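Okay, handing you the structure first.
Bear in mind these aren't lab numbers, they're just calculated from the coordinates by the rules spelled out. Just so we're clear, the structure is a prediction, and the values are computed from it rather than from any experiment. All Cβ positions, glycine included, derive from the backbone under ideal geometry; neighbour counts span all protein chains shown.
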Amino acid sequence: MLNINNIDWDKGDGLVPAVAQHAFDGRVLMLGYMNREALAETLSSGRVSFWSRSRGKAWTKGETSGNWLALVDIHADCDRDTLLVRARPAGPTCHLGNDTCFDGRPVGPADAAPTGREEAAAPADLGFLAQLDRLVAERRRDRPEGSYTTKLFESGVKRIAQKVGEEGVEAALAAATGDREELLNESADLLYHLLVLLRSCDADLEGVVARLASRHG
């Protein structure tokens, strides 16, 4: 348990920055500030609270919108003057309705110096898998016309399971023949279809990661 008295409250006149991070996929959700009161409320309630510098009082994220941040854990940095708050959001974090306060278009040198890459290119990091899993969940819920994912869901669990089997065999064959590029392609297909299968069975990527973590070490 984080010791409130170990935080360096003096450096920021009683306030410390608190970075809220998605506990599963690592996305930065928002930046707020905490004082002793907000941190104590967070630890006791299990819902993340901050100190409003404009209103001069503590407030709990989601107290009006219902979009709470359920606390997982809190860590102080090496100087004890910044907090990392890992949480699970119950809905959009940003007041604009975005999942995070950093979902807007990037600004900076990249705007003036295009790299030639597709502007909408997906980030090449593991967080993209969680993003894809969320998109698959949206497709299952909304069933947009013309979507391949929608077509898969409407074909039923047995057909989706068959596709996972087919893609698994193709990935194995690519590995056996030493075709690295085809192995990457087939592995991507396998992961995608597995995400669809999980969602069709009311499971998700987070559950798989949790199961793996429980087996580790």
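Please grab the % of Cα pairs in region 4-89 that end up more than 23 Å from each other. Don't jump to the answer; show the numbers that get you there.
Values: 500 of 3655 pairs.
Within region 4-89, distances greater than 23 Å cover 14 percent of Cα pairs.
Hey, another quick one. Only Lys, Arg, Asp and Glu count, each charged at its Cβ (+1, +1, -1, -1), so figure out the dipole size of the chain about its Cα centre, rounded to 20 debye.
Numbers: 26 positive and 33 negative charges, 161 e Å.
Charge dipole of the chain: 780 debye, to the nearest 20.
Based only on the alpha carbon positions, what is the Kirkwood hydrodynamic radius of region 124-211, in angstrom? Spell out each step's value before the answer.
On the way: mean 1/r = 0.0736 Å⁻¹.
When all Cα pairs of region 124-211 are included, the Kirkwood radius is 13.6 Å.
I've got another one for you. Using the basic label-point model (7 angstrom from Cα toward the beta carbon), what is the Y148 to A175 distance in nanometres?
For Y148 paired with A175, the spin-label model returns 2.2 nm.
Taking the Cα centre as origin and putting +1 on Lys and Arg beta-carbons and -1 on Asp and Glu beta-carbons, what dipole magnitude results for region 4-89, to the nearest 20 debye? Walk me through the intermediate numbers first.
On the way: 11 positive and 11 negative charges, 70 e Å.
Roughly 340 debye, rounded to the nearest 20.
Another one. At 0.36 nm per residue, and after removing the present C-alpha to C-alpha distance, how many nm does the segment from L184 to L2 gain when stretched out fully? Present the calculation step by step, with values, prior to reporting the outcome.
Working: separation 182, 0.36 × 182 = 65.52 nm, distance 4.29 nm.
Residue separation times 0.36 nm, minus the Cα-Cα distance, leaves 61.2 nm.
Once the cut-off is 31 Å, how many percent of the Cα-Cα pairs in the chain end up in the long-distance tail?
39 percent
Suppose the chain between L126 and R53 were pulled fully straight at 0.36 nm per residue; how much longer would it get relative to their current alpha carbon spacing? Working shown, then result.
Numbers: separation 73, 0.36 × 73 = 26.28 nm, distance 3.49 nm.
Contour length minus Cα-Cα distance gives 22.8 nm.
Also: Could you tell me which residue out of W51, S200, H22 lies farthest along the dipole of the chain toward its positive end? Charges go on the beta carbon: Lys and Arg +1, Asp and Glu -1, centred on the Cα centre.
Of W51, S200, H22, it is W51.
So how strong a dipole does region 117-217 carry about its Cα centre when Lys and Arg Cβ are +1 and Asp and Glu Cβ are -1, to the nearest 20 debye?
Numbers: 14 positive and 19 negative charges, 101 e Å.
I would put it at about 480 debye.
Name the residues whose placed amide hydrogens come within less than 5 Å of the amide hydrogen of R47, ignoring near sequence neighbours (fewer than 5 apart) on the same chain.
L71
Specify the angular offset, from 0 to 90 degrees and rounded to the nearest 10, of the alpha carbon long axis of helix 36-45 from the longest principal axis of the alpha carbons in the chain.
Helix 36-45 sits roughly 50 degrees off the main axis of the chain.
So, one more: Separation between the D202 and R140 pseudo-spin-labels, each 7 Å from Cα along Cα→Cβ, expressed in nm?
It works out to 1.0 nm between the two label points.
Per DSSP helix of 4 or more residues, -39500 (n - 2.57); summed, then divided by the residues of the chain. What does that give at 222 nm, rounded to the nearest 500? Display every interim value, and only then the final one.
Working: 7 runs with 90 residues, N = 217.
Here the helix-only value at 222 nm equals -13000 deg cm²/dmol.
With a Förster radius of 30 Å, plug the Cβ-Cβ distance of K11 and V209 into 1/(1 + (r/R0)^6) and report the FRET value to the nearest 0.05. Walk me through the numbers before you get to the answer.
Working: r = 36 Å, r/R0 = 1.21.
Efficiency, from the Cβ-Cβ distance: 0.25.
A further question follows. Taking only Cα atoms, what is the 0 to 90° angle, nearest 10, from helix 180-200's long axis to the longest principal axis of the chain?
That works out to roughly 70 degrees.
If you don't mind, another one. Points 7 angstrom from Cα along the Cβ direction at H216 and V72: gap in nanometres?
If labels sit at H216 and V72, their model points lie 1.1 nm apart.
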